[in-house]
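*Asks:* One structure, as structure tokens, below. Some questions next.
No value in this document is a laboratory result; all are computed from the given coordinates. Being a predicted model, the structure only gives us computed values, none of them experimental. Cβ atoms come from the backbone with ideal geometry, glycine included; neighbour counts cover every protein chain shown.
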Amino acid sequence: MNISVIDWAIIIAFFVISMLIGILTSKTAGKSAKEFFLSGRNMPWWLLGVSMVATTFSADTPNLVTDIVRKDGVSGNWVWWAFLLTGMLTVFVYAKLWRRSEVTTDLEFYEIRYGGKPAAFLRAFRALYLGVFFNVVIMATVLLAAIKIFGTMMGLSPFTTLLLVSVVTVIYSSLGGLRGVLLTDFFQFFIAIVGSFGAAIYIVGLPEIGTLDNLLAHPNVSDKLNLIPDFSDWNLLIPLFIMPIAIQWWATWYPGAEPGGGGYIAQRMLSAKDEKNAIGATLLFNVAHYALRPWPWIIIALASLIVFPQVSDLQAAFPHIPTDKLGNDLAYSAMLTYLPTGLIGIVMASLIAAVMSTISTHLNWGSSYVVNDFYMRFIKKDASDKELVMIGRVSTVGLMVLAAFLALALSNALEAFNILLQIGAGTGLIFILRWFWWRINSYTEISAMVISFVVAVYFESIHDKLGFLPIPAEMGYLKLLLGVTITTITWIFVTLFTKPEKDEVLLAFYRKVKPASFGWQKLLDRYPEEQREVGQLPMEIGLMLIGSFMVYAALFAAGFWIYGNILAGTIASIIAATGAVLVFRGWKKMK
């Protein structure tokens, strides 16, 4: 692929601006650990919301969507569209609770919700388990996408790609802290949006495709357009729709879509000016993530079925790509090689932005765990702010190096996505209930964490070796279902047969966070003088449902208009607009 001087100028300008933001914010970020990791808790909703959107627009996401569409059609995206439900639950129920907690990281939550050594163990273990292990896996999948994209489009080796992306990202992430990440995300988001929409429009006009109508009518594409799987085909309906919409969204833990909020989403809510800004940020994120962004990726994925119908066609077109990196997900970057001068520079910059925005967030988030929840809590409690910022910057570099090495060993983003879902299977309900049920304790979380990991390892590495009948790939959802069932039964049993947390710990948490009192009644009955928080939980859950219908209607409306179904597009648009009115009216009434 020929990249012109103009294209290189656009790419270099992007790198320079990103590094300048890090340098300009470095002095403020270096003042304290809270400034480095939370930007002084004074960030507005629009900046936080855009940052969340930019972070989840990672370079592996278009590859993942392309892989899904080529295999299972547009309706296959329900494996991640279903996470909108937990996102909206976070918006209207948990955003304000997180902001009230005033913790620095979501792991610090453990020692205000639970007490004693088990709570301390949870905090320390998950700081390393999530902040290092899980975090490195997520970053490695993003870097894998970068390897495939830049190998396909620019002929760069995996090592060269990792070196270029890593150096710039580490510089602005380690210097500017969260403030630098947020401002860079804001800049990168608009480049990413222009790039993805521009690429989709141009690719539809390629001679091989011609027009949008030709694309949709092509025999390779026409059977891939359903927005919901065929209800008569249970082999597709169960894994692609029923499992995600009925179980996956509340039962599994996945970074960026944690039930009850968590991870870098919690970090953004904790850095908001106040509760209203925390709610606004997460609402903007969910609307943009699910309703605004998917269609350019889907259109390019559908177009790839015409230009590169089989993986063998990709292999023939790009013989220099290593065999272990070949797959349906490579089709996205393969289609981008058709872009013209100027647009290719913007698109390349947008893809680099997608990589860097995600990596920078994960670096700052993971580093916050290492510093706040491990080093400062268990190694050196009296560490100065200067020392903590230094440890944060060193751990940022270390996480980047680990992720780069792992990226060289991975081959498929969808494979990693499924493994992470399996590891978190059955833990999600705890993260939803621990705010509202006093009986959940630290042993609940420890048992769920251990058993879900053991079950995941068993199914991925041991089951077949023991001589049992292997679970067919098309029935892989059974692994998730069994994982959720076994883990949930285990933690409920452990909860009911272990002692609850001490009353003073529970009361301190209740007074600070002020959750609705219905799940705390047994505790509060022992303290008649304690003020009951009636809360607005029924209204909040109602807004969650209305908000979900609103975003799904907007997503479907876009699809119907693209497909040329004017009546369905009009109806879906009216439903989305009505939902928006109801959501904003309800938002104003929230306390």
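*Asks:* Report P(r) for segment 78-147: all Cα-Cα distances, bin width 10 Å, range 0 to the bin holding the largest distance, values in whole percent.
*Replies:* 17, 29, 40, 13, 1
*Asks:* Right, next: How many nm is it between the label spots at residue 384 and residue 588, if each spot is 7 Å from the Cα in line with the beta carbon?
*Replies:* 5.2 nm
*Asks:* Another question, then. Jot down the per residue volume, in cubic angstrom and as a whole number, of the convex hull over the alpha-carbon atoms of segment 540-591. The partial results should precede the final answer.
*Replies:* Working: hull volume 2.5 nm³, N = 52.
Once divided by residue count, the hull of segment 540-591 is 48 Å³.
*Asks:* A follow-up question, please. Given 10 °C and 1.306 mPa s, how large is the Stokes-Einstein diffusion coefficient of segment 442-591 in µm²/s, with Rh as the Kirkwood radius over Cα pairs? Each step should come with its number before you reach the end.
*Replies:* On the way: Rh = 20.3 Å.
Translational D for this selection: 78 µm²/s.
*Asks:* Roughly how tilted is helix 275-287, in degrees to the nearest 10 and between 0 and 90, from the longest Cα axis of the chain?
*Replies:* 30 degrees
*Asks:* Can I ask one more? Among the listed pairs 386/499; 117/514; 386/588; 27/148; 386/502; 276/380, which are separated by more than 32 Å between their Cα atoms? Write down the numbers at each step before the final one.
*Replies:* Working: 386/499 41 Å; 117/514 25 Å; 386/588 41 Å; 27/148 36 Å; 386/502 36 Å; 276/380 35 Å.
Table pairs above 32 Å Cα-Cα are 386/499; 386/588; 27/148; 386/502; 276/380.
*Asks:* Under 8 Å for C-alpha pairs, at least 6 residues apart: give me the relative contact order for segment 229-271, rounded to a whole percent. Numbers along the way, then the final one.
*Replies:* Numbers: 20 pairs, mean separation 7.8, N = 43.
After rounding, I find 18 percent.
*Asks:* Around residue 511, under 10 Å between beta carbons, what's the net of Lys plus Arg minus Asp minus Glu among the other residues? Display every interim value, and only then the final one.
*Replies:* Values: positive: 512, 514; negative: 530, 533.
Residues near residue 511 contribute 0 overall.
*Asks:* Dividing the alpha-carbon Rg of segment 1-151 by 2.2 N^0.38 Å yields what? Spell out each step's value before the answer.
*Replies:* Numbers: Rg = 19.7 Å, N = 151, 2.2 N^0.38 = 14.8 Å.
Ratio of Cα Rg to 2.2 N^0.38 Å: 1.33.
*Asks:* Cα centroids of segment 161-188 and segment 328-384: how far apart, whole angstrom?
*Replies:* 7 Å
*Asks:* Tell me, what is a quarter of the convex hull surface for the C-alpha atoms of segment 203-293, in nm² with one decimal? Don't skip to the answer; put the middle values down first.
*Replies:* On the way: hull surface 35.7 nm².
Over every viewing direction, the Cα hull of segment 203-293 projects on average to 8.9 nm².
*Asks:* Shifting gears a bit: Looking at the calculated P(r) for segment 135-203, what percent of the C-alpha pair distances fall above 20 Å?
*Replies:* Across segment 135-203, Cα pairs with separations above 20 Å total 44 percent.
*Asks:* Could I ask something else about it? Can you give the translational diffusion coefficient of segment 287-446 in µm²/s, computed by Stokes-Einstein from the Kirkwood radius over Cα pairs at 10 °C and 1.306 mPa s? Please report the intermediate quantities before stating the final value.
*Replies:* On the way: Rh = 20.0 Å.
My calculation gives 79 µm²/s for D.
*Asks:* Considering the dipole of the chain built from charges on the beta carbon (Lys and Arg +1, Asp and Glu -1) around the Cα centre, which of 316, 579, 152 is farthest to its positive end?
*Replies:* 579
*Asks:* Length gain on complete extension for the stretch residue 317 to residue 3, per 0.36 nm per residue less the alpha carbon to alpha carbon distance? All intermediate terms of the calculation are to be shown ahead of the outcome.
*Replies:* Values: separation 314, 0.36 × 314 = 113.04 nm, distance 1.78 nm.
Stretched out fully, the residue 317 to residue 3 stretch lengthens by 111.3 nm.
*Asks:* Please determine, in degrees from 0 to 90 and to the nearest 10, the orientation of helix 413-423 with respect to the longest principal axis defined by the Cα atoms of the chain, where the helix direction is its Cα long axis.
*Replies:* So the inclination is approximately 20 degrees.
*Asks:* Any chance you could get the radius of gyration and Dmax over the Cα atoms of the chain, in Å?
*Replies:* Cα-based Rg and Dmax for the chain come out at 23.5, 76 Å.
*Asks:* Excluding same-chain residues fewer than 8 positions from residue 522, which aspartates and glutamates have a Cα within less than 18 Å of its Cα?
*Replies:* Output for residue 522: 501, 503, 504, 530, 533.
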